[in-house]
Amino acid sequence: MGAHGLYQRACQGDFAPACTRLGELYERGGAGLAQDYARAGVFFQRACDGASAEGCLHLGKLYAAGRGLRRDEVRARELLEKACAGGLAEGCTEGGSQAELEVPVPTAQGPEPAVEVSTEAMKDALRNLVTLQERYFADNVTYASNIGALNYSPQAGVTIGITAASGTGWSATATGAASPRLCGIFVGSAPPPVAGQAEGTPSCEGERAALSAVVRGSSDESNEALMKSDLRNLVTAEEAYFAENVTYAGTISNLNYSTSRGTTVTIVSASGTGWSATAKNIATAKTCAIYVGSATPPITGQSEGAPTCR
């Protein structure tokens, strides 16, 4: 059973994060699935109804852009605010993402202004680059140092530049038309293009400051809940990876997985019989962890498959 089947089964069991992942598969298309924004919206709605802030964020974007759904700025704003309340800085007005999602209204006179490319579009371009780099590495035992070698054309308005590449890692940046932000990603030994970002996770300049405004005053309990949720989502992603590779992923970049804003998840160990990982959030001193199978528990005394914090 592939990732689609695993996510579908988990979503049918009302596991909201799996519904979000399923929606992402239809939103992007590929891997045997046709791009279908309307179908993606169905799964994002189910995820949002299940208290998934990420599902609400994706659904808000679809309503804001009118992709697969009738454009509804009021509904989009409600969903973005719900995502913000759930700990995702991209849904917050303070982070600027909400303004980026709004479709500009053409002026009656004069030339139309350049449409700003959203940070999410730049992040999507960097996520796609991960897959292409891994394919290139499988054939060449090193990562590509230029986009031309990958035969990759990101969406209109997005410019990708590979800033470092070797046999042990790579990094890249993305810029967008009329956008002042720079987004980046890194894998392995390459230096992070954006300060403080986690390996394999696209991040944009200014997001950390936006997140600090969101989490300021939040309780340890709420941040602990976010980290535990991220670790539970990691279980789904690791099982999907195992189903196709008969081993667990040792790096986040190999998984169809993202974390809550401000949370960094690190895979401590991985093999064909188990794995373990830890989670840290910038708003708390606590560390949460999880393990599956034969892996050593990161926190003494914790139970298999159950996120634990200390």
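The values are calculated or read from the model by the stated rules, or taken from the named source; none is laboratory data. Predicted model, so just to flag it, every value in this text is computed and none were measured. A quick note on method: Cβ atoms are made from the backbone with ideal geometry, for glycine too, and the neighbour counts reach across all protein chains shown.
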In segment 146-165, what count of residues is obtained for those that are touching a Gly at 6+ places or on another chain (Cβ under 8 Å), among the aliphatic types (A, V, I, L, M) and not in a helix (DSSP H, G or I)?
1
Matching residues in segment 25-72 - criterion: being of a type in the set (Lys, Arg) and closer than 19 Å to GLY86 by Cα:
ARG46, LYS61
With respect to GLY86, determine if the residue is under 26 Å from ALA40 (Cα atoms), outside the structural domain of ALA53 (by TED's automatic domain parsing) and modelled with pLDDT under 85.
no
Is it the case that segment 166-176 has a residue that's in a loop (DSSP other than H, G, I, E, B), modelled with pLDDT of 90 or more and either at negative phi or surrounded by fewer than 15 Cβ atoms within 10 Å (Cβ to Cβ) (or both)?
yes
Subset of segment 129-145 [in a loop (DSSP other than H, G, I, E, B) and in contact with a Gly (Cβ under 9 Å, 6 or more places away or on another chain)]
VAL141, THR142, TYR143
Restricting to segment 271-282, and then to whatever is in a loop (DSSP other than H, G, I, E, B) and out of contact with any Leu (no Cβ under 9 Å at 6 or more places or on another chain), can you tell me which residue is nearest to ILE185 (Cα to Cα)?
SER271
I'm trying to understand the selection: among the residues of segment 222-253, which are of a type in the set (Phe, Trp, Tyr) and within 23 Å of PHE186 (Cβ to Cβ)?
TYR241, TYR248
Within segment 227-248, residues farther than 19 Å from CYS288 by Cβ and buried (at least 18 other Cβ atoms within 10 Å of the Cβ) come out as ALA240, TYR241, PHE242
Every residue from segment 38-67 that is more than 19 Å from GLY91 (Cβ to Cβ) and in contact (Cβ under 8 Å) with a residue 24 or more places away in the chain
ALA38, ARG39
Would segment 180-193 turn up any residue that is touching a Lys or Arg at 6+ places or on another chain (Cβ under 7 Å), modelled with pLDDT of 85 or more, closer than 30 Å to VAL158 by Cα and of a type outside the set (Asp, Glu)?
yes
Residue within segment 157-165 that is in contact with a Leu (Cβ under 9 Å, 6 or more places away or on another chain), surrounded by fewer than 16 Cβ atoms within 10 Å (Cβ to Cβ) and over 20 Å from GLU199 (Cα atoms) present
no
Going through segment 283-301 in order, the residues found to be at negative phi, out of contact with any helix residue (DSSP H, G or I) (no Cβ under 7 Å at 6 or more places or on another chain), in a loop (DSSP other than H, G, I, E, B) and surrounded by fewer than 18 Cβ atoms within 10 Å (Cβ to Cβ) are ALA285, SER294, THR296, PRO297, ILE299, THR300
Out of all the residues in segment 230-270, which are at pLDDT below 85, over 11 Å from the mean Cα position of the chain (by Cα) and part of a loop (DSSP other than H, G, I, E, B)?
GLY262
